[in-house]
Every structure is written in structure tokens, then in C-alpha cells.
Amino acid sequence: MDTIKTIEGDLLARDAKFVIVAARFNDFIVEPLIRGAVDALKRHGAGDKNIELVRVPGAFELPLVAKRLAQSKRYQAVIALGAVIKGATAHFDYVCGECASGLSRAALDTGVPVAFGVLTTDTIEQAIERAGSKGGNKGADAALVALELVNLLRGLDQ
Ligand code: INI
């Protein structure tokens, strides 16, 4: 493998601009995801002026707004954050399904990376674990994926 040309994105933010789009629903989980994403971007060199935050009501609304932000060409990547926690009805399945497929479509339709930092958990405990406790911070993970994709796409253009 050492002898073949390999293209990978590194984790240096350089001058890239990022926008976080975050759901207010389950904000006690989403706020730590936002903090994790911002912290990860800053620790990899992004300045305050290169990170913006947009809030939407719930995870179902993330795709529309993520797509609009991606289309704006103002950002090199969009980081979508939310928390969908299973309830007693099928609502969870509809919100998760539309959110995941819509975010994927936003990226494919625009060519701008859209990181999927939306927790989809059976319980509140599972969400807490993934929002900055023993399961790490999925907001930070999503931010680093966005950063890597920005640099990978730049590498593919060269
Ligand atoms: N939105 C979430 O972000 N998380 C949830 O857990 C959730 N649940 O369980 O209902 C949720 N629902 C709201 C949804 O995202 C929309 O905002 C709403 O349906 C209006 O379009």
C-alpha cells in the first residue's frame, strides 16, 4: 500500500468555513453536541469567524436548512446536529428516516459535505452517553468528519 497513490483529507481547518445546523428539540442533549463540534473545530485550527450556528426546531427540519446552507456556497461543510430519542409511537422512525435520507440528499445534490451528527437512540441514557460522556461526543466526531471531507474534496480536485 505504501507504493500506491493515496488521497486522504487531513484534519487541519486552514481557512475553511463551517456551519453547524442544530435542532432545539432535546436541547439538553444537542447543546453538548454543539459544544463538542465547536471545540473540535477550534482545536483543529478553525477560528471563531469561520464557524457559524443555525438553529432549527427539530431533526425533521435539518435537511431543508442544511441544503439551503450548502447551496449558499458560503461554507465548505455543514454539520447537522440533533437528538431523536425513541418514544411510544412510530414518530421516531419517520423523523430519523427523513432526517438521515434528507441530509444525505443535501450533500449529494450540492456537492458540499453534510456531516450526520444526529443521535438516534432508544433511551435518554444512550443519548447522554454519546453527548460528551462515556460514548464520546458525536458532535465532535461529526465536526471532524466534516473537516476531513473538506480536505479530501480539495485533494480530489488537484
Ligand atoms: N425532533 C427531534 O429532533 N428529536 C425527537 O426526538 C423528536 N421526537 O421524538 O418527536 C423530534 N420531533 C420533532 C420533529 O423533528 C419536527 O420538529 C416536528 O415533527 C415538526 O416538523
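When the trypsin sites (Lys or Arg not before Pro) in segment 61-117 are filtered for DSSP coil states and for at most 12 other beta-carbon atoms within 10 Å of their beta-carbon, the remaining sites are LYS73, ARG74.
Summary of packing: across the peptides 132-140, 20-28, the per-residue average of other C-beta atoms within 10 Å ranks them, highest first, as 20-28, 132-140. Mean Kyte-Doolittle of at least 0.5 and a Cα length of 24 Å or more along the axis: which whole DSSP H helices of the chain meet both? Those that clear 24 Å and a mean of 0.5 are 138-156.
So, counting K/R as plus one and D/E as minus one, what does the shell of residues with Cβ under 13 Å around GLN126 add up to? So the surrounding residues net to +1. Take segment 1-46 with all the other protein chains still there, run a 1.4 Å probe, and you get 61 Å² of accessible area per residue.
Taking a sphere under 12 Å around the Cβ of CYS99 and counting the other residues whose Cβ falls inside, with K and R at +1 and D and E at -1, yields a net charge of -2. The residues of segment 73-131 have, on average, 49 Å² of accessible surface per residue, using a 1.4 Å probe with all protein chains present.
Charge tally for ASP10 (other residues, Cβ to Cβ under 12 Å; Lys, Arg +1; Asp, Glu -1): 0. Among the listed pairs LYS86/LYS134; LYS5/LYS67; LYS86/LYS138, those whose Cα-Cα separation exceeds 22 Å are LYS5/LYS67. Taking amide hydrogens as placed 1.01 Å from N in the peptide plane, the amide H of ALA22 sits under 5 Å from those of VAL54, ARG55, VAL56, LEU81, each at least 5 positions away in sequence or on another chain.
For the chain, carbon and sulfur atoms together expose 55% of the accessible surface, with a 1.4 angstrom probe and every protein chain in place.
The stretch between ASP27 and LYS73, if pulled fully straight at 0.36 nm per residue, gains 13.8 nm over its current Cα-Cα span.
The values are calculated or read from the model by the stated rules, or taken from the named source; none is laboratory data. Quick caveat, the model's predicted, so the values are computed rather than measured. A quick note on method: Cβ atoms are made from the backbone with ideal geometry, for glycine too, and the neighbour counts reach across all protein chains shown. In case anyone asks, the SASA skips ligands and DNA or RNA and just uses the protein heavy atoms, side chains included. Shrake-Rupley method; radii C 1.70, N 1.55, O 1.52, S 1.80 Å.
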